[in-house]
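This report refers to the structure that appears directly beneath it.
The values are calculated or read from the model by the stated rules, or taken from the named source; none is laboratory data. Note that the coordinates shown come from a computational prediction; the quantities given were computed from them, not determined experimentally. All Cβ positions, glycine included, derive from the backbone under ideal geometry; neighbour counts span all protein chains shown.
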Amino acid sequence: MEDQISESVFEKHAAEAYARFSQAAGKYHFTFRRSAVTCGAKPCMVFLGNHSSGKSSIINWLLGENVQDTGLAPTDDGFTFIVYGEKRDDFHGQAALGRLPPEFAGLKAFGDTFVHGLRVKFRPIAFLKTVTFVDSPGMIDSAEETVGRDYDFEGVVRTLAELCDMVFYLFDPDKPGTTGETVNIFAKCLSGVKFKLRILLNKCDGFSSLYDFARTYGTLCWNLAGVLQTKDMPKIWTVYSGETRENAPGSLDLSDFNRHRDEFVAVFHDAAARRRDNIVSQTNSDFLGLSIRMRILDLVWRRCFACSAAVWLAAASAAAAVSRAVYAGNAAGGAFVSVAAAACAGLLALGAGFLAARLASSFVRTRLANRIDDVFRREYRGRIETGTHDDLFKTWDDIREETVKIVRSLPLRLPFFGELLRWRLEKTRKRLDAASRR
Ligand SMILES: Nc1nc2c(ncn2[C@@H]2O[C@H](COP(=O)(O)OP(=O)(O)O)[C@@H](O)[C@H]2O)c(=O)[nH]1
Ligand SMILES: [Mg+2]
């Protein structure tokens, strides 16, 4: 009970923080990875993998009911949310969109084709009181076929991976390779959220011999090594769905797989704790990222402002001097001629000043973009020297590339009191940190 209260206090703080800083994030061209936190929402698990890798079957098995259609032929063309409801009800398309858990409301941005394939199924299954499942359509085996999707499939997977609390990625012995869309998904969509990823080698009940299993497991590891850029080999859960079976005559002994499968099921028991961990780490990296982005862009803006102001000042003095000289030079032509000539010369000098200020500002921005790591290190020198930099470098790595692009070319219309905003952000970060430890 106490846990629940502290959890909801933390979620409340996190939700408020996201709402309070969403406008500032927009100004600093920063996209939050988790754009909203819904207090009291259930942990959510998404299942990805080739079609017929057994995603729907494993969900049915976990729920103890055939909620999803299964079969060798592709049975799904869209994503299905399976949610707890007192009454069983199925919703498709637009109707489903309105019934998504609130944190997923942003999915509508993926367009009509995506929404058309969307389903929300309400089921009165006790297990669903603690967790929500998302079943996905299968990946496409060859990279060329990905163009066949009428919506941004990778974008949807990326968003789901960020919002869900666990990502299960299934392989089956028929396709232990990581080809086509699978490669893209691993490389693009799951970077930064690999800590949520659980790799499952499914259908382990189908191996006919130890040799058969070793060959498949080896192939999967070999293929994963190419796409998962980690030094350590990730854990691969060997599972199968359906009734627990003992070894059938002539096939592989299943007792080890059964043990492994129990471990896999146990993961769902601490789903709530996992959600909390995810929100803590995501809010931490979101707000630290925003704080770094603000600090760097504020500095760039200040430098540009100072440089442009200096150029303007010089241009204004030059304009005044030129006007005075032209006025004196044309004194013989009468007052009107000399004033007009002086004004023209002054305006020309100011125009040149305007151009020079713009050039100077763009020069400053290019220079800072080229030395962005030095800028970052100088700004955070204190924290780096004292060793109190926690996730500073990792967060900087995540936002560095985009920051360089912004510094180089995007318009900077920053709030005038950036320092004050950053001070408030830091205060909020500390408050969130304290709430997460409670
Ligand atoms: N032997 C075996 N077959 C499975 C297992 N899981 C799924 N299947 C079969 O694989 C096929 C595809 O399963 P499905 O759940 O529809 O895959 P999905 O496309 O990933 O949702 C079906 O014919 C299932 O009966 C499993 O654990 N063991
Ligand atoms: Mg399926």
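Yes or no, residue by residue, for (1) of a type outside the set (Asp, Glu); (2) over 25 Å from the mean Cα position of the chain (by Cα); (3) closer than 19 Å to Val300 by Cα; (4) part of a helix (DSSP H, G or I):
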site: Phe363; (1), (2), (3), (4): yes, yes, yes, yes
site: Asp373; (1), (2), (3), (4): no, no, yes, yes
site: Arg378; (1), (2), (3), (4): yes, yes, yes, yes
site: Gly382; (1), (2), (3), (4): yes, yes, no, yes
site: Lys394; (1), (2), (3), (4): yes, no, no, yes
site: Glu401; (1), (2), (3), (4): no, no, yes, yes
site: Val404; (1), (2), (3), (4): yes, no, yes, yes
site: Val407; (1), (2), (3), (4): yes, no, yes, yes
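Considering only region 76-91, state which residues are more than 16 Å from ligand 2 (Cβ to nearest atom) and either exposed (fewer than 13 other Cβ atoms within 10 Å of the Cβ) or assigned to a strand (DSSP E or B) (or both). Steps first, answer last, please.
Taking region 76-91 as the starting set, the residues that turn out to be more than 16 Å from ligand 2 (Cβ to nearest atom) are 83-89, 91.
Within region 76-91, Val83, Tyr84, Glu86, Lys87, Arg88, Asp89, Phe91 meet the criteria.
Looking only at region 38-54, count how many residues are away from ligand 1 (no atom under 16 Å from the Cβ) and at pLDDT 75 or above. Talk me through it step by step, then tell me what you get.
Step one: of region 38-54, the residues away from ligand 1 (no atom under 16 Å from the Cβ) are 38-44.
Subset that is at pLDDT 75 or above: 41-44.
Residues meeting the conditions: 4.
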Legend entry - Checklist (1) within 16 Å of ligand 1 (Cβ to nearest atom); (2) without any contact (Cβ under 8 Å) to a residue 12 or more places away in the chain applied to Gly98, failing item: (1)
Inset, instruction - Name the single residue, out of those in region 153-212 being within 25 Å of Ala273 (Cα to Cα) and charged (D, E, K, R), that is nearest to ligand 2 (Cβ to nearest atom). - result: Arg198
Inset, instruction - Scan region 131-147 and give yes if some residue there is more than 16 Å from ligand 2 (Cβ to nearest atom) and at pLDDT 85 or above, otherwise no. - result: yes
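When you go through Asn278, Asn284 one by one, which is the residue that is touching a strand residue (DSSP E or B) at 6+ places or on another chain (Cβ under 9 Å), on the phi < 0 side of the Ramachandran plot, assigned to a helix (DSSP H, G or I) and crowded, with 17+ Cβ neighbours inside 10 Å?
Details: Asn284 fails: touching a strand residue (DSSP E or B) at 6+ places or on another chain (Cβ under 9 Å).
None of the others qualify; the one that does is Asn278.
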Inset, instruction - Confirm whether Ser57 is outside the structural domain of Arg429 (by TED's automatic domain parsing), among the hydroxyl-bearing types (Ser, Thr, Tyr) and within 16 Å of ligand 1 (Cβ to nearest atom). - result: yes
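Let's see how each residue does on (1) aliphatic (A, V, I, L, M); (2) farther than 15 Å from Phe305 by Cβ:
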| site | (1), (2) |
| --- | --- |
| Ala343 | yes, yes |
| Arg358 | no, no |
| Ser361 | no, no |
| Val364 | yes, no |
| Arg383 | no, yes |
Legend entry - Count of region 266-317 residues which are more than 19 Å from the chain's Cα centre (by Cα) and outside the structural domain of Arg413 (by TED's automatic domain parsing): 8
Legend entry - Residue in region 326-336 that is at pLDDT 85 or above and hydrophobic (A, V, I, L, M, F, W, C) present: no
Legend entry - Filter result (within 12 Å of ligand 2 (Cβ to nearest atom), outside any helix (DSSP H, G or I) and among the hydroxyl-bearing types (Ser, Thr, Tyr)) within region 12-67: Ser52, Ser53
